[in-house]
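Here's the structure, in structure tokens; my notes come after.
The values are calculated or read from the model by the stated rules, or taken from the named source; none is laboratory data. Just so we're clear, the structure is a prediction, and the values are computed from it rather than from any experiment. FYI the Cβ positions are ideal-geometry reconstructions off the backbone, even for glycines, and counts take in every protein chain you see. Areas reflect the complete protein model, heavy atoms only, side chains present, ligands, DNA and RNA absent. Shrake-Rupley method; radii C 1.70, N 1.55, O 1.52, S 1.80 Å.
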Amino acid sequence: MLNTVYKDAIINRDKMLSILKGPKFEQILQKARDNWIEFTPTKEEVVTAGIDSSFNNTKFQGIELWATTAVSVKSDGEILVDLHKSGLGSADDISSIASKMEIEACEKTVDSVDMVLMDGSLHSQLMTRQANLGASIVRIMKKKDNVIFIAKTSNTKKQFENLGSLAGDIFYYNHVTNSPGFSKIFVEKKYGADKIISSTFVRLSDSTPIIKLEFLGDQHDENEVKSIMNKLYKTSVGGYPYALKLAHNNCKISDKELAKMVSLLGLSNEIGSREVLG
């Protein structure tokens, strides 16, 4: 069965790729080239912290075990904030719990470092089902204006939508350059005057992956982006901030770790646990 699927994909490769690119692909690429500003960062000393969260859960016999974590870690490995929650029973929305913990970690970090790097997208924070979370992160970001959201992937399709773009904006920037630099700042005002988002796609080193930076407000300019790139470049590995990599590694809750929690709680002997947890 899979061999047939693979064969059909190979036969229809050109057709599939042409659909992805769309009829105005070359026009979009040209606009992406026009938007790209080449800039090679230099190392600038700065104290940086990365913040990330994680959640996981397992269910058996109508019981749910869930756990969430959030951490703030400096690029030298020092853990500034370590938050965690777990429980038995139904959690209303563990992703929202994790988001709330991220914001709490951010609030406890902004006064301790020069730059706070939040894993993910500010868009996601403002679109959360708990509206108060969006208000909280806006308040914290305004305190010292030192919080930046950084995403390794992006699905936004705003910059080239007038040309009928089918892929995300990052797709087209990846097709036009391998050099370090950044895209012209793009401003979105759909969340209201107090929740304006400015964003730019950035490559810190030659041939490394592009990352997306998101800021609060519309007062940001190209000189600020260059300064931030210099600061990120100092402690980045493979084009990605090391503080965020450390945060991810320190907060991740794997299935194996969740299984260990089940064992520690004495649930592994309950009927039905073996089938679920292996």
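The rows are residues; the columns are (1) aromatic (Phe, Trp, Tyr); (2) open to solvent by less than 20 Å² (accessible area, probe 1.4 Å); (3) at pLDDT below 95; (4) under 27 Å from residue 35 (Cβ atoms).
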residue	(1), (2), (3), (4)
202	no, yes, no, yes
210	no, yes, no, yes
238	no, no, yes, yes
266	no, no, yes, no
The one condition residue 37 fails out of (1) more than 30 Å from residue 160 (Cβ to Cβ); (2) surrounded by fewer than 19 Cβ atoms within 10 Å (Cβ to Cβ); (3) modelled with pLDDT of 95 or more; (4) among the β-branched types (Val, Ile, Thr) is (1)
Condition first: surrounded by fewer than 22 Cβ atoms within 10 Å (Cβ to Cβ) and either under 15 Å from the mean Cα position of the chain (by Cα) or hydrophobic (A, V, I, L, M, F, W, C) (or both). Now tell me which residues in region 169-185 satisfy that. 171, 176, 185
Give 214, 188 a once-over and let me know the one that is among the acidic types (Asp, Glu) and either open to solvent by 10 Å² or more (accessible area, probe 1.4 Å) or under 20 Å from residue 34 (Cα atoms) (or both). 188
Residue count, region 89-133 (criterion: at pLDDT 95 or above, among the polar types (S, T, N, Q) and surrounded by 19 or more Cβ atoms within 10 Å (Cβ to Cβ)): 1
Here is a list: 148, 253. Which entry is more than 24 Å from residue 33 (Cα to Cα), in a loop (DSSP other than H, G, I, E, B), among the hydrophobic types (A, V, I, L, M, F, W, C) and within 18 Å of the chain's Cα centre (by Cα)? 253
Looking only at region 45-74, filter to residues that are within 23 Å of the chain's Cα centre (by Cα) and open to solvent by 30 Å² or more (accessible area, probe 1.4 Å); which one of those is farthest from residue 176 (Cα to Cα)? 66
What pairs come out if I take residues in region 211-238 that are in contact (Cβ under 8 Å) with a residue 24 or more places away in the chain and pair them with residues that are part of a helix (DSSP H, G or I) and open to solvent by less than 10 Å² (accessible area, probe 1.4 Å) whose C-beta lies under 6 Å away, six or more apart or interchain? 214/122; 216/141
For residue 166, state whether it is farther than 20 Å from residue 37 by Cα, surrounded by 18 or more Cβ atoms within 10 Å (Cβ to Cβ) and either in contact with a Phe, Trp or Tyr (Cβ under 8 Å, 6 or more places away or on another chain) or of a type in the set (A, V, I, L, M, F, W, C) (or both). no
Out of all the residues in region 216-234, which are in a loop (DSSP other than H, G, I, E, B), in contact with a strand residue (DSSP E or B) (Cβ under 6 Å, 6 or more places away or on another chain) and of a type outside the set (D, E, K, R)? 220
